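A.B. asks: The structure that follows is given in the form of structure tokens.
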Amino acid sequence: MKLNIVLVEPEIPQNTGNIARTCAAIGAKLHLVYPLGFSISEKAVKRAGLDYWDKLDIEEHLSFEKFLEKYKPEENNMFFVTTKGKHVYSEPKYEEMDEVFALFGKETKGLPENVLLKYIDKTIRIPMRPTLRSLNLANSVAIVAYDIVRHANFDGLEEISGYFDERLK
């Protein structure tokens, strides 16, 4: 299964750095949708700790509208992650899908409400106590991304390290 993590207008470079590292670790493609709240110039990327940048498959999009034109939600397995989601993130049968897109909105506002309403049946959420706003963006991406690859039996990822085998003998 091919996993795509889509960040729509991310604002905090450290979150994007952590998400880039997660994407590199699981082999997910990272989509960055402009405008970004920071520069991804070489100097700015290094300063934000994005040292996994060269190990990523990254696609940049000039706007959310352009992204949705290219990757139509009606034609793709696209899930919009929001605290207001209709379904829990673990409900979809990801293992039956060849490619999955998980979309996350900006830290301060999330995804646009009009898009969430249009695709309400494709919205997913991470359960949490109702009195709290939301989890950190990087944490949310890690939770959802690892559950999606778990559904695919961690295909292509290291299963057993063997690191301690010799030491235990």
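A.B. asks: How many of the residues in region 30-53 are modelled with pLDDT of 90 or more and touching a Phe, Trp or Tyr at 6+ places or on another chain (Cβ under 9 Å)?
C.D. replies: Count: 3.
A.B. asks: Among (1) farther than 24 Å from L68 by Cα; (2) of a type outside the set (A, V, I, L, M, F, W, C); (3) surrounded by fewer than 17 Cβ atoms within 10 Å (Cβ to Cβ); (4) under 16 Å from the mean Cα position of the chain (by Cα), there is one condition D155 misses while meeting the rest; what is its number?
C.D. replies: Condition (4) is where D155 drops out.
A.B. asks: Just checking, does region 86-94 include any residue being closer than 24 Å to I26 by Cα, acidic (D, E) and modelled with pLDDT under 95?
C.D. replies: No, that holds for no residue.
A.B. asks: Would you confirm whether any residue within region 107-117 is surrounded by 15 or more Cβ atoms within 10 Å (Cβ to Cβ), of a type outside the set (G, A, S) and either at pLDDT below 95 or under 14 Å from the mean Cα position of the chain (by Cα) (or both)? Quick ask: steps written out before the conclusion?
C.D. replies: Taking region 107-117 as the starting set, the residues that turn out to be surrounded by 15 or more Cβ atoms within 10 Å (Cβ to Cβ) are 107, 110-112, 115-116.
The next check asks that each one be of a type outside the set (G, A, S); those that pass are 107, 111-112, 115-116.
Remaining after also requiring either at pLDDT below 95 or under 14 Å from the mean Cα position of the chain (by Cα) (or both): 107, 111.
Taking every residue of region 107-117 in turn, at least one turns out to be surrounded by 15 or more Cβ atoms within 10 Å (Cβ to Cβ), of a type outside the set (G, A, S) and either at pLDDT below 95 or under 14 Å from the mean Cα position of the chain (by Cα) (or both).
A.B. asks: Also: So which residues in region 144-169 are within 12 Å of V81 (Cα to Cα) and touching a Phe, Trp or Tyr at 6+ places or on another chain (Cβ under 7 Å), if there are any at all?
C.D. replies: Filtering region 144-169 down to residues within 12 Å of V81 (Cα to Cα) leaves 144-145.
Within region 144-169, just V144 meets the criteria.
A.B. asks: Could you please give the count of residues in region 122-169 that are among the hydrophobic types (A, V, I, L, M, F, W, C) and free of Cβ contacts under 8 Å to residues at least 24 places away in the same chain? Let's see the steps before the verdict.
C.D. replies: Here is the first cut: in region 122-169, the residues among the hydrophobic types (A, V, I, L, M, F, W, C) are 124, 126, 128, 132, 135, 137-138, 141-145, 148-149, 152, 154, 157, 160, 164, 168.
Checking which are free of Cβ contacts under 8 Å to residues at least 24 places away in the same chain leaves us with 132, 135, 154, 160, 164, 168.
Residues meeting the conditions: 6.
A.B. asks: Something else: Which of the residues belonging to region 74-96 are buried (at least 17 other Cβ atoms within 10 Å of the Cβ), closer than 22 Å to A152 by Cα and out of contact with any Asp or Glu (no Cβ under 9 Å at 6 or more places or on another chain)?
C.D. replies: Listed by number, the residues that qualify are M78, F79, F80, V81, P92.
A.B. asks: Can I ask one more? Taking E60 and the conditions (1) out of contact with any helix residue (DSSP H, G or I) (no Cβ under 6 Å at 6 or more places or on another chain); (2) crowded, with 17+ Cβ neighbours inside 10 Å; (3) part of a strand (DSSP E or B); (4) of a type outside the set (K, R), which numbered condition does it fall short on, given that it satisfies the others?
C.D. replies: (2)
A.B. asks: Going by the conditions given, is L68 in contact with a Ser or Thr (Cβ under 9 Å, 6 or more places away or on another chain) and either within 27 Å of A24 (Cα to Cα) or at pLDDT 95 or above (or both)?
C.D. replies: Working: in contact with a Ser or Thr (Cβ under 9 Å, 6 or more places away or on another chain): no; either within 27 Å of A24 (Cα to Cα) or at pLDDT 95 or above (or both): yes.
Answer is no for this residue.
The values are calculated or read from the model by the stated rules, or taken from the named source; none is laboratory data. What you see is a predicted model; the values in this text were computed from it and never measured. Every residue, glycine as well, gets a Cβ built from its backbone with ideal geometry; the counts of neighbours run over all protein chains shown.
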